[in-house]
1. Which residues, counting only those in the stretch 306-321, are out of contact with any helix residue (DSSP H, G or I) (no Cβ under 9 Å at 6 or more places or on another chain) and surrounded by fewer than 16 Cβ atoms within 10 Å (Cβ to Cβ)?
2. Please find, among 452, 442, the residue that is outside any loop (DSSP other than H, G, I, E, B), without any contact (Cβ under 8 Å) to a residue 60 or more places away in the chain and touching a Pro at 6+ places or on another chain (Cβ under 7 Å).
3. Please work out which one of (1) modelled with pLDDT of 85 or more; (2) open to solvent by less than 40 Å² (accessible area, probe 1.4 Å); (3) farther than 30 Å from residue 568 by Cα is the condition residue 62 fails and give its number.
4. Of the numbered conditions (1) small (Gly, Ala, Ser); (2) open to solvent by 30 Å² or more (accessible area, probe 1.4 Å); (3) closer than 20 Å to residue 214 by Cβ; (4) modelled with pLDDT of 85 or more, residue 78 fails exactly one; give the number of that condition.
5. Applying the selection to the stretch 911-938, what residues are of a type in the set (Asp, Glu) and buried (at least 20 other Cβ atoms within 10 Å of the Cβ)?
6. Residues being of a type in the set (A, V, I, L, M) and modelled with pLDDT under 95: count how many of those fall in the stretch 243-258.
7. Considering the stretch 905-938 alone, what residues qualify as being among the β-branched types (Val, Ile, Thr), part of a loop (DSSP other than H, G, I, E, B) and at pLDDT 95 or above?
8. Assuming residue 285 fulfils every condition listed in (1) touching an Asp or Glu at 6+ places or on another chain (Cβ under 8 Å); (2) more than 26 Å from residue 250 (Cβ to Cβ); (3) of a type in the set (A, V, I, L, M, F, W, C) apart from one, which condition is it?
Amino acid sequence: MIRLSPLLFFALPLLPQTPDTATIQGRVLDQSRAGIEGAKLIVTNHDLNLERSAQTNSKGDFSISGLPVNGSYNIAASKDGFAEGRLEDVTLAAGVTADLRLQLNVSGGQTQITITGIEGDVRTDQPQLGTRLGAAEVQETPLLNRRLTALPLLNAANRPAISQGDIFMNQFLFTTNGGGRRQAWFEVDGSNGSDSWGRQTIFTTLPIVAVEEMTVLTNSFSAEYGLTTGAVINVVTRGGSNRFHGEALELWRPSATQAALTGFTSLNATSGNQITSDTLGQSSLSLSGPLGNGGKTQFFAAGEFSRQNRASPVTSPVQPGSFVGHYRGGLALFRVDHQWNDRNQFFFRGNLDAFHDTNPNGTVGGNNLPSVARVFRRRTYSIAVGETTVLSPSLSNNLRLQFQLASPITEFDPVIYGTQYQVPISTGGTFTSGTSQSALLLNRQYEGSNVLSSVHGRHTLKIGADVIFAHNGGDSKEFGGPIYLGQFIYNTCTQALNICESQAYLQNISNVRSYTQSYGKARYTVDDALWSLFIQDDFRIRPDLTVNVGLRYERQTFTDSTRNFAPRAGFAYNWRGEGRLVVRGGFGIYHSQVVDNSAANYALTGPTGVFNYTATPGQVGFPASVAAAPLPAFPAGAVAPVRSLYIRPGDSANLDPFFPTSTLVGYPNQLFNPYSEQWTLGIQSRLAKDWVLSVDYVGSHTIRIVRPLDVDAPAPFIRTAAGQVRTAQAANCTRPYWIWWYQQNHLTCNPSTPTAPQPPYALIQSDVNNGYSTYHALDVNLTHTFSHHLSMLASYVWSHNINNVDPDAPGGNPNDPNFTGTSEKGPAIFDQRHRVVLSGVYVGPLKISFGGITSLASGLPFNYVTGVNNSGDTGGTTDRPVINGAVVGRNAGHGRPVYEAAPFIERPFAFGERFRLNLRAEAFNVFNHANFVAYSGTYGNGSTAGPGFGQPLTGITAQLPARSMQFSVRASF
């Protein structure tokens, strides 16, 4: 009998199985290396009271599929006349197949077991690139706020996207392979974990303690995965066992150990993002064990509650001091696993993610008073059930059903719902008080998926289907849109601040420069279905060569794409069959989802949507007094303003009654899903026991990227010298729709001064699939599997990403909408050439654990802008300055390198056999390096750069956190 340590066995990935189950297959041989027919394999999981068995065929082959990954397994092989072979405490990985070779000798002889692709060894049968993190690694990794979404950043191929929006989500956002921040696809227990509405982050976040394992696939994944051109994050939640286990954790991050962000002080802060304090308290509980008698049912329950306070200085003399924004968030998960019999396993999972933030995106701070505060809320719920049916030892079926509710997915509630007052201050900044911008948006998703897996001879085949029905929408846009209660813009105040911001100044209508109020409908709904079919075959041509081929078809009914076929192919060649060096490669096509909240632009900014009416003193609609706002209705006798539109592609039938879409230039008749062609080629080598080096080239070409574009663009305005400006009226007169309108009405457009009547619409934007991106990278990963008290991952990526528009990032307008090809070609906003991440843990004397994360990366590009509307295409361009006689290229600026070290130290204390206490301290950015990720790109409209150009921006949306420390106590039994 042979027993192997669990550290010497790991699943060899042959073909991704259902993402939360695993398969064991292999061959039993005799001393002559011939297959043994009729040998019996028994697989036992004592934690789940599960036992499965199979018999070898005439070639000695066997397969046992549909195995839960929770707990560990014992594997026994026996045959009359032969000595028994046994493996104990085997840990399987989700979505992979373990390959086993056993040579049974005659009774009394020694049994030999050969395993290829074990942990600490190369993977001989798959081309996928990625990182797997087990429960221990998830728990040991120092995570700021203990956020699950920080874990993918341990792989250097994933880059932080802090400056690209949605910081109020309080999650880590990242980009992969040149894709945008909304491209990450989350999978939880074999079901979708992403939201169709906005793809901002994982739909329902999980407590850290509830994670059994996380696998981050960065390239060459099988046809089972789709709707992404970025990474796939596959999470398997913990299940219970037949013994009771519990854990309680208390964590705190005090202000006394924090360093201050650089670049501002509490006396000169201009934004609420320039925080001066960020404290955290977090409590976590979990309990698991058996339910009832018989050992067939287990449960796992976990909860987490966070209390975070961030102080933003208010420098206004009206109400000076610090405004403390309160973040309160709760996570909960409950899971039940039940084994009906030896062929049917069932699980139920319900989880909750609810939080609110009283100062999202730093709305309050600087000259912005607490009266402009809005509370951001998000509450999401997921309920999933699944059944794995073993039809035979080599054939299994996995059924998953899920309901997801986001009520709300986004909600912004003004603390004081009222008219807004904005006073420009001559000495700098703008004083703001009051707001009526709100939003309430919801999302419901229903999902069903089924995967049939079969092992037959040298083929491992999988066929599956998945469908997601999403119903979402609501009132307003993501961050709040219409100003129904009005907004006063005052003349620039040159007096003392206490006068400029006083009620006497604000209530004097003679100080007002303009008044704006929104009118129209701000509600929309979207019904979207995303369904897919796939087939995947892992064909072992020879013992040293495996070919993976697959085909996926996807359909998103929100778009017009009907030919979303996605072939996938890969190979792994085990050089000389020794399991020491593998050559691997893959190619595939990957389609991306178009987020459903694109419909907000079409509905709110379409011809029947919301519009703003602005009046200046003396005009119709200007209030008689400040107290007269808001106006009860659109002012009688007022002329409707010339509006800007955002229209859906291919919607001519609905738009032509308002204006002829045939006059537009480049208006698309369809909206397509973007897709990328990705390819890899690399090697994986076992340098020594437990040390594996992977070196891979990754290439990607993405086309049909969705971008906003003015499809009624003015004539080109070619600038060759600094300071050249065309007025909006002059630009409008050259718009194709305007030319048609004036011809139809036998009028002439005055390029100098607007004269009534005028066309009702000026800027007309639409989503156009003319974006493209190319990405080339060298990925190097060195891993050391836990042994000799050490585990480690060293990950390095060199990459270069060029595109003509940055996907999923603000500021996507071109310098001139007439030229979006080579003139817009430049580095991506996330083109970080070098990034290296070193993570690991060492268990030293007295069981003291040391470890942490260190990351170093190149600076990020930033765009040069003039800060004025040079072309006259208001809202349709991002005008760049003229330098040396030509408009400077896109994203021509380059920021500073960023680096951070986050060490931790931990010591466990045992009290008896079952009770344990862990004390832990961890630091983030321990050297307090000023890590800036956003810079002032405002060059100005002159021949030389203006003040502040190229300087780093400050605040939590523009720089990584300063040094802080977290302390925790964890008790478990």
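1. Within the stretch 306-321, 307, 320, 321 meet the criteria.
2. Step by step, each of 452, 442 is checked, and only 442 is outside any loop (DSSP other than H, G, I, E, B), without any contact (Cβ under 8 Å) to a residue 60 or more places away in the chain and touching a Pro at 6+ places or on another chain (Cβ under 7 Å).
3. Every listed condition holds for residue 62 apart from (3).
4. (3)
5. Answer for the stretch 911-938, where residues must be of a type in the set (Asp, Glu) and buried (at least 20 other Cβ atoms within 10 Å of the Cβ): just 922.
6. Of all residues in the stretch 243-258, those of a type in the set (A, V, I, L, M) come to 248-249, 251, 256.
Restricting the remaining residues to those that are modelled with pLDDT under 95 gives 256.
Selection size over the stretch 243-258: 1.
7. First, the residues of the stretch 905-938 that are among the β-branched types (Val, Ile, Thr): 905, 926, 933, 938.
Next cut, part of a loop (DSSP other than H, G, I, E, B) only: 926, 933.
Result: 926, single match.
8. The one condition residue 285 does not meet is (2).
The values are calculated or read from the model by the stated rules, or taken from the named source; none is laboratory data. These numbers come from a predicted model, not from an experiment. Positions of Cβ are backbone-derived with ideal geometry, glycine not excepted, and every protein chain shown enters the neighbour counts. Note: areas computed on protein heavy atoms with side chains; ligands, DNA, RNA excluded. Shrake-Rupley method; radii C 1.70, N 1.55, O 1.52, S 1.80 Å.
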